[in-house]
Amino acid sequence: MIKILRNSSGLSFIELIITLAILGITMISFSSLLANTNKINKKSELQYMATLLAQSYMERIKASDTINVGQTVDSLEDTKVFVDIVKIDKYKCNIYRIIIEISICDETYEKLEGYKIIYK
């Protein structure tokens, strides 16, 4: 009788159930890992796009011949760009502090600060 059991090939029903349970537990842990990875990837992508947008605004302001002192807000779909330009009167030449803040869905993703000097 023992020889017959040892020579039998194939899986028993219990072995199949245990294998499926182990596979199910493994898949559940991988699915939660993939969900977290996807969430982090999306946030990283939004951070990257906000950085590019802030740098674009900063380069445009620095390259222009004129400068508009004050606060402005630009809206692009669910993205808001806050630009704050303040003149610093401490020095003889005209120095302006530029702060650009990018908010996507009411969450701030990038805040960039720079200066522009205009010699007369």
**Neighbourhood charge, 15 Å Cβ-Cβ cut-off, centred on T79 and excluding it, Lys, Arg +1 and Asp, Glu -1** = -4
**Fill in**
For the chain, Rg(Cα) over 2.2 N^0.38 Å is 2.20
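How large is the charge dipole for the chain, taken about the Cα centre, if only the Cβ atoms of Lys, Arg (+1) and Asp, Glu (-1) carry charge, to the nearest 20 debye?
For this selection, approximately 440 debye.
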**Request:** Just give me a number: lysine pairs in the chain, eight or more positions apart or cross-chain, with C-alpha atoms less than 13 Å apart.
**Result:** 4
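Scan region 4-94 for chymotrypsin sites (Phe, Trp or Tyr not before Pro) in coil per DSSP, keeping those whose Cβ has at most 12 other Cβ atoms within 10 Å, and list them by number. Write out the running numbers ahead of the final one.
Details: sites: F13, F30, Y48, Y57, F82, Y91; in loops: Y91.
Passing both the DSSP loop test and the Cβ count: Y91.
Bear in mind these aren't lab numbers, they're just calculated from the coordinates by the rules spelled out. Everything quoted here is computed from the prediction, not taken from an experiment. All Cβ positions, even for glycine, are placed from backbone atoms using ideal geometry, and neighbour counts span all protein chains on display.
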